[in-house]
Amino acid sequence: MKKIIRLTVNGEPLEAAVAQNQTLVQFLREDLGLTGTKHGCGLGDCGACTVILDGKAVNSCLVLAIQANGSEVLTIEGLAENGKLHPLQQAFVDKGAIQCGFCTPGMILSAKALLEEKPNPTELEIRTALSGNLCRCTGYQKIVEAIDEAAKVMTGREES
Amino acid sequence: MLLPKFEYIEPTTLEEALRLLSDMGGNARVIAGGTDLLVRMKLKIEKPSHLISLRKVPGLNQVIKRETHGVSIGPAVTAADLARNEFIRDKFAPVATAAGKLGAPVIRNRATIGGNLVNARPAADFPPACMVFDAILKLKSTTNEREILVGQFFRGPGETIIEPNELLVGIFMETPAPWTGGSYIKLGARKALEISMVNVAVMLTLQEPLGPIVDVKIALGAVAPTPVRAFAAEQYLMGRHPSEKVFSEAGAIGVGMCNPITDHRGTMEYRCLMIETLTSRALNQAYQNALDWKP
């Protein structure tokens, strides 16, 4: 039997009926049409489904939609403001950190969670924060550089 | 990957959770972080009819410094929270280190210490770390409450002495004596999103900085059907003054306690070599840590 959940997604409060065995990634993609969050392995091994749930980066394939009742969810779609890319998104574009783009939403959200906690991370801290997000294309180097760049912009050390 | 159908219940008190566990018998599973359980359900290894969530049960997700001595950790405390908890990092370093090496950051934000202990995988990260502190596990059911030494909790891969109607409600550890240091080493083919090939936790207490070893506990994971203590190596070390040679010897003795298998992560031969190396390395790290002890 479906259950009603109330949650906030990208700043918008909403109410929905979900199947009890529906995962958060399924709910976001199939019910809300927010397909920026990707379904990769479904087992918590790749990070393609990363979203920020109540301030923490999590694998949305391992969260039941019903467990997100009363919570705040941030997906990749929630980063840009008024059509302007978030500094992380802009840095990924500028640094060539995007090839096929499949890992990108998860990477950016893991990076966002990191920068909230550590606005000036070292390279090791960046790589550790991304250690749950796999990329098959880039070899990670540009991704790390992009996050480093975004950190500088976000802390006002550089013009974007 | 689809989950099978089940009914999801969110009890709001511990009593309600225990009553549900009692009523459902073996068909219900407790869900905390869900990072192991939901994977097993997606792989059709488990098909519980009911999931009893701990999300709304109060009192299970805190780390509490006890008035007299020691710490009480709720089963629903996440690995991420344990890894960054100042008190745990200071006095129970192996637990904080193990917490920080579990899975990956995104997993650690959901995975819980209780889940890791009760799932009892031989290569799990928390069991050896808890064993070197002789942690006491508190199990509760509607009719009973009991306390078990963590070293006696594990029975085999995925098996513990917990009854289907019992819930792990607390993990208690006494604050170690002065001049105690600890360490945890996890060996895998990669540094994250990894299940151990061999892991080892050590707690070591010196009489005083230049003094002999007066207490030592060594626990190894992934080298036997359950995590094991290297009692013979511990006995060898008691009363001896720390040195590379002594730690090396302890490592060699430690291999004797272990019964590793050959699987896709590593051969038995390699694991035995690693037990020896990592035990002596962990002893060294724990010793260095002990020298830095502060009240």
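Bear in mind these aren't lab numbers, they're just calculated from the coordinates by the rules spelled out. What you are looking at is a predicted structure, and each value in this text was computed from that prediction instead of being measured. Virtual Cβ from ideal backbone geometry, glycine too; neighbours counted across all protein chains shown.
Miscellaneous remarks
- 10 Å Cβ neighbours from other chains, averaged over peptide A:58-70: 5
- Inter-centroid distance (Cα atoms) of the range B:130-191 relative to the range B:1-42, Å: 21
- Per-residue mean of foreign Cβ neighbours for B:29-39 is 4 (Cβ atoms of other chains, 10 Å radius).
- Taking 37 °C and 0.692 mPa s as conditions, the range A:2-160 diffuses translationally at an estimated 207 µm²/s according to Stokes-Einstein applied to its Kirkwood radius (Cα pairs).
- Charge dipole of the range B:180-291 (Cα centre as origin; +1 on each Lys and Arg Cβ, -1 on each Asp and Glu Cβ, all else neutral): 260 debye, rounded to the nearest 20.
- Prolate/oblate/rounded label for the range B:127-272 (Cα gyration tensor, a/c 1.5): oblate
- Measuring nothing but how far apart in sequence close Cα pairs (under 8 Å, 6+ apart) lie, relative to its length, the range B:63-173 scores a relative contact order of 27 percent.
- Computed per residue of the protein assembly as shown from DSSP H runs no shorter than four, each worth -39500 (n - 2.57), the mean residue ellipticity at 222 nm is -9000 deg cm²/dmol.
- Of B:MET173, B:MET24, the sequence from fewest to most neighbouring Cβ atoms within 10 angstrom is B:MET24, B:MET173.
- Contact order for the range A:1-125, expressed relative to its length and based on alpha carbon pairs under 8 Å spaced 6+ residues apart, stands at 27 percent.
- For the protein assembly as shown: rounded, prolate or oblate by the Cα gyration tensor [a/c cutoff 1.5]: oblate
- Relative to the longest principal axis of the Cα atoms of chain B, the long axis of helix B:14-24 lies at roughly 70 degrees.
- Our summary gives the range B:180-291 a relative contact order of 32 percent, counting only alpha carbon pairs under 8 angstrom and 6 or more residues apart.
- Protection proxy ranking of B:143-149, A:94-100, B:262-268 - average other beta-carbon atoms within 10 Å, highest first: A:94-100, B:262-268, B:143-149
- Helix B:268-291 vs. chain B, principal-axis angle (Cα, 0 to 90°, nearest 10): 80
- 10 Å Cβ neighbours from other chains, averaged over peptide A:49-56: 2
- Comparing B:ILE113, B:ILE161, B:ILE136 in a Gaussian network model of chain B where C-alpha atoms under 10 Å apart are linked, the largest mean-square fluctuation is found at B:ILE161.
- Fraction of beta bridges assigned by DSSP in the protein assembly as shown that are antiparallel (%, nearest 5): 85
- Per-residue Cβ neighbour rank within 10 angstrom, fewest leading, B:TYR270, B:TYR184, B:TYR287: B:TYR270, B:TYR287, B:TYR184
- Springs join every pair of Cα atoms under 10 Å in this Gaussian network model of chain A, and among A:ALA57, A:ALA17, A:ALA91 the largest mean-square fluctuation is at A:ALA17.
- Counting neighbouring Cβ atoms within 10 Å and putting the fewest first, the residues A:CYS41, A:CYS135 line up as A:CYS41, A:CYS135.
- For the range B:29-122, GluC sites (Glu not before Pro) meeting the loop criterion (DSSP other than H, G, I, E, B) and having at most 13 other Cβ atoms within 10 Å: B:GLU67.
- Considering only B:ASP36, B:ASP134, B:ASP23, the Gaussian network model of chain B with Cα springs below 10 Å gives its largest mean-square fluctuation to B:ASP23.
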